[in-house]
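First up is the structure itself, then whatever we jot down about it.
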Amino acid sequence: MSNSDDSNSANTTNSSPWAGFSTTAIHGGEQRQKAHDAITDAIVCASTFSFANTQAVIDFIEQDQQRGEYARYGNPSDMVVERKLAAIEGAEDAILFSSGMAALVTLLMAKLSAGDEIVFFDQCYHRSREFCAKYLSRYGVITKQVQTGNYQAMADAVTDRTKMLVSESPTNPHLSVIDLEQFVAIGRRFHVETLIDATLATPYNLRPIAAGVDYVMHSATKYLGGHNDLLAGVVLGRKAQLADVRSLRGVLGGVNSPHNCYLLQRGLKTFELRMQRHNENGQRVAEFLSTHPMVDRVLYPGLPNHPDHELAVRTMRGFGGLITFFTKDPNWQAAARVVDRCQLARIGPSLGGVESLIEQPYVMSYFKYSPADRARFGIPDNMIRLACGVENAEDIIADLDQALRS
Ligand SMILES: *Cc1c(COP(=O)(O)O)cnc(C)c1O
């Protein structure tokens with residue numbers, strides 16, 4: 001935004017000058033000397049940015065100047081977070097949005113036109129599916145869903161109208177892990193762009209850009225913000241490929257307030273520390289649940305019996321805090337009793353924050369779906385989704401044990 005930002009962003013946007021993950025998360029994208037010599041970035045509360053005179057306006061229009069015009073196109077507080085996120089992800093550019101859904105919707109609307117097709121792996125966040133099926137379809141974009149992890153089915157679904165291949169990894173709430181090598185190979189073979197929603201993995205556990213994926217998106221509401229106190233989303237990739245996405249954000253306006261940007265920037269400083277604990281808690285709690293007499297089965301990529309365990313170990317640094325498990329009793333009331341008896345984990349949707357959250361997907365997200373649709377989307381009545389926070393694993397385990405036994 002300001003001229004002085006410019007020189008600094010040049011060496012932090014594409015790659016971090018630091019070897020360590022936390023060093024990048026703390027210092028990446030930031031100027032060394034900031035306004036008022038403060039150690040932290042200012043929260044710049046401005047909806048508009050003024051010009052000294054008419055010539056300055058004309059210069060701004062005619063030249064590629066690093067300054068602000070109007071905050072729907074960005075402000076200093078969101079630009080510093082964008083540079084930091086790009087440095088953490090190892091991406092050329094990052095565009096910050098007011099939510100994960102605003103990020104996904106703006107990306108897809110920027111890239112797709114009537115008659116285009118996209119191919120999705122079918123395990124996905126229910127609102128992403130809803131946006132494609134209910135809204136994108138009204139603008140003549142066709143969404144094809146193929147079975148998650150069936151790379152042949154994905155390749156077979158590609159036509160000369162296909163513009164994008166989309167998947168989450170790991171998927172929500174089934175925690176299937178995608179083989180990015182095969183996914184990217186399909187995109188390259190047919191000259192189709194690829195998008196990975198890596199919200200559950202985060203840039204700490206998974207590096208989709210290095211694997212050759214074109215676009216990575218995250219709901220920054222989850223692990224990146226990390227404190228269950230903000231909504232944000234980000235799309236990352238190459239600057240030239242993201243130019244039309246940035247322009248459309250300026251039209252649709254899914255931007256963050258400067259205060260929200262500050263919270264996200266603050267949260268990112270402890271990102272690696274939190275992820276290390278989320279990974280440790282996820283693994284320990286998943287192992288505990290997998291041997292519990294009241295638990296039928298556990299879905300967690302870090303468990304040897306997970307179908308994608310070998311791929312996960314080969315391609316991910318850790319497996320996060322999200323665990324999906326099933327009570328032995330198949331009735332939804334039995335799972336509800338376990339959820340209700342938890343005294344540590346709170347009942348709520350979302351994941352990736354410091355506080356553990358627990359929920360029953362059937363009740364929380366699929367209550368109004370028909371039994372046939374729930375079966376199609378793989379949401380049994382007795383499924384429980386636990387998002388481990390960064391509390392101590394012993395306490396999470398003791399609480400689950402009493403909830404399962406009583
Ligand atoms: C939460 C979530 C989203 C949506 O993000 P919001 O910030 O809630 O809009 C998208 N994808 C995945 C995998 C998510 O978990």
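The orientation-averaged shadow of the Cα convex hull for segment 93-216, equal to a quarter of the hull surface, comes to 7.1 nm². Mean separation of Cα pairs under 8 Å and 6 or more residues apart, divided by the residue count, gives the chain a relative contact order of 15 percent. A dipole drawn for the chain from +1 and -1 charges on Cβ atoms has a positive end, and of Leu107, Gln360, Asn260 the residue lying farthest that way is Gln360. Using bins of 5 Å that start at zero, the share of Cα-Cα pairs per bin across segment 271-405 amounts to 2, 11, 20, 24, 21, 14, 7, 2, 0, in whole %.
Compactness of segment 94-136 is given as radius of gyration and Dmax, 10.8, 28 Å, from Cα positions.
Can you pull the Rg over Rh of the chain, Cα-only, Kirkwood?
Rounded to two decimals, Rg over Rh is 0.98.
Computed from the coordinates by the stated procedures, all read-outs in this text should not be read as laboratory data. Values in this document were obtained by computation on a predicted structure and should not be read as measured data. As a convention, Cβ positions derive from the backbone with ideal geometry for all residues, glycine included, and neighbour counts pool all protein chains shown.
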